[in-house]
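**Q** Mind looking over this structure? Questions follow.
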Amino acid sequence: MKYISVLLLAATFVSCGEEADVEQDIQTNNEIPTTEFNTKAAGGKVMMQAFYWDVPAGGTWWNTVQGKVSSWSSAGFDAIWLPPATKAQNGGYSMGYDPFDYFDFGSYNQMGSVETRFGSLSEIQALISAAHTNNLDVIADIVVNHNSGGASQYNPFTGGNTWTDFQPASGMFTRSYYDFHPNDYHSVDAGAFGGFPDLCHDKQYVQDWLYNNSNSIAKYYKNVMGFDGWRFDYVKGFEPWVVKNFKNAVGGFTVGGYWDGNAAILESWANQAEASAFDFACYYRMRDAFMGNDLTQLNGDMLLKRNSYKAVTFVANHDTDEIYNNKLLAYAYIMTHEGYPCVFYRDYEEWLDKNKMNNLIWIHNNKASGTTSYLYADNDEYVARRNGSPGLIVYINNSDSWQERWVDTNWANTVIKDYTGNSGWEPTTQADTWVKVEAPPHGYTVWSVK
């Protein structure tokens, strides 16, 4: 997460220039029969991160996202991840990561505004309803490591005053120094963040308001607001059982933001939390591969290779965006490999070629199945095979010229084609399943049965 003062809300982003027009024979999601994906369940297709840092203020964002959910669903997304949706200390300026009132979705006049930065209660309700109509799950961003905006009170555990007196206008989940660290239970937990009051998850009162009570955050968000799943922020700051207990109370797809490039650590956390994790190990390997012109980095350790069912892969998010060269190649990687891909809003809506993104989403949802065999990698070239039915061959070429390579497929005496439209070849595999494929400079092809 990022915390930026109200005076420094502007962020600078590097644009990845427009890609060339996609060829007419490109396969798009429009070819998917309407009955093929008629069950709403996050995790099977592609997630949209439906925000970026410092989206426009003024209460318009929920309406903006609502206007896009139909096209996102048609493109092959199955879930949208929203920013923290309730009132935070900076009111109408806040991105939500400094939470104050977990039950104010834009209806109480507190922290300087009635609406949140993103809109009103009625507007987020309309957005969630529209998403569900379009078979999209809605993932709530849950920030429970720390709070912000409390009044000052004398704290006997510190011998001075702390900002730990929380009296939200909703009247729900009032808090005092007993509910933060240090307190009468212990001084610290797994980690604090930025000097904010740090919630003590070992307190029964805190647990009751987070997930045990009938009107807890978990149950209110699920049963009243209609959220379907959960993205937990800064999970390094509290124990994995917090996420597990929250998820067990209400169900739904659950993923944690554990910012660490060590795949073994991510796997351990995901197993303990019984949840998915954003695959930062994959992210950093891709950064080193595509920014450092060394595609052998893609052979490195990643959560998706250890447990693909717990890996949420991504190329950029609201916190980090370091793959600005060859970004579309990185999307070609996550859309053809195991894991649950998450697309960053600005990449899809602003910075990259949407037709090519939609093509990769179609390929993911229709061709990318089964286990993965890693066939070849050097500085400039990378080839992998998905072994499902029908499966695919992905060929990524980061050199300055067209490249060709013989590869071993799962198909004998079979005509194949490149489903990206980047190559016009339609070769026939040999009886021994080998075939020659090609890929354009700083581009990719994805081959499967014609």
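The values are calculated or read from the model by the stated rules, or taken from the named source; none is laboratory data. Just so it is clear, the structure is predicted and the values come from calculations on it, not from any experiment. With ideal geometry, Cβ positions are generated from the backbone for all residues, glycine too; neighbour counts draw on all protein chains shown. These accessible areas exclude ligands, DNA and RNA; they are computed on the full protein's heavy atoms, side chains included. Shrake-Rupley method; radii C 1.70, N 1.55, O 1.52, S 1.80 Å.
**Q** Over the chain, average the accessible area per residue using a 1.4 Å probe and give it in Å², no decimals.
**A** 37 Å²
**Q** Of all beta bridges DSSP finds with both residues in the chain, what is the antiparallel percent, to the nearest 5?
**A** The antiparallel fraction comes to roughly 60 percent.
**Q** Taking amide hydrogens as modeled 1.01 Å from N in the peptide plane, which residues meet the under 5 Å criterion relative to PHE180, leaving out close sequence neighbours?
**A** Under 5 Å from the amide H of PHE180 lie the amide H atoms of CYS200, each far enough along the sequence or on another chain.
**Q** How much of GLU274 can a 1.4 Å solvent probe reach, expressed as accessible area in Å² and rounded to 10?
**A** 90 Å²
**Q** Which order do the peptides 398-409, 74-85 come out in when sorted by mean C-beta neighbours inside 10 angstrom, highest first?
**A** 74-85, 398-409
**Q** Taking region 111-221, how much of its Cα-Cα pair set, in percent, is spaced more than 19 angstrom apart?
**A** 55 percent
**Q** Return the distance in nm (one decimal) between the two label points of a simple spin-label model at GLU426 and ASN293, each offset 7 Å from Cα along Cα→Cβ.
**A** 3.7 nm
**Q** Follow-up. What residues have an amide H closer than 5 Å to that of SER113, excluding those fewer than 5 places away on the same chain, when H is modeled at 1.01 Å from N in the peptide plane?
**A** Those lying under 5 Å, H to H, from SER113 are GLY92.
**Q** Using only the Cα atoms of the chain, build the gyration tensor, take square roots of its eigenvalues as a ≥ b ≥ c, and label the shape rounded, prolate or oblate: rounded if a/c is under 1.5, else prolate if a/b is larger than b/c, else oblate.
**A** prolate
**Q** Using 19 Å as the Cα-Cα cut-off, could you pick out the over-long pairs in LYS310/LYS354; LYS45/LYS367; LYS327/LYS450?
**A** LYS310/LYS354; LYS327/LYS450
**Q** Still on this structure, I have one more. Putting +1 on Lys and Arg Cβ atoms and -1 on Asp and Glu Cβ atoms, find which of VAL242, TRP230, ALA192 reaches farthest to the positive end of the dipole of region 172-289.
**A** Going by the charge dipole, the pick is TRP230.
**Q** Carbon and sulfur together cover what percent of the accessible area of region 47-189 at a 1.4 Å probe radius?
**A** On region 47-189, the fraction of accessible area on carbon and sulfur atoms equals 48 percent.
**Q** Taking Cα centroids, how far is region 345-375 from region 263-289 in Å?
**A** For region 345-375 versus region 263-289, the Cα centre distance is 20 Å.
**Q** I would also like to ask the following. Any chance you could run the full-extension gain for GLU322 through TRP406? It's 0.36 nm times the residue separation minus the Cα-Cα distance, nm to one decimal.
**A** Answer, rounded to one decimal: 27.0 nm.
**Q** Would you mind pulling out the separation of the Cα centroids of region 381-448 and region 63-136, in Å?
**A** One Cα centre to the other: 42 Å.
**Q** Which value in deg cm²/dmol, rounded to the nearest 500, describes the helix-derived mean residue ellipticity at 222 nm for the chain, given -39,500 (n - 2.57) per DSSP H run of n ≥ 4 and division by the residue count?
**A** -5500 deg cm²/dmol
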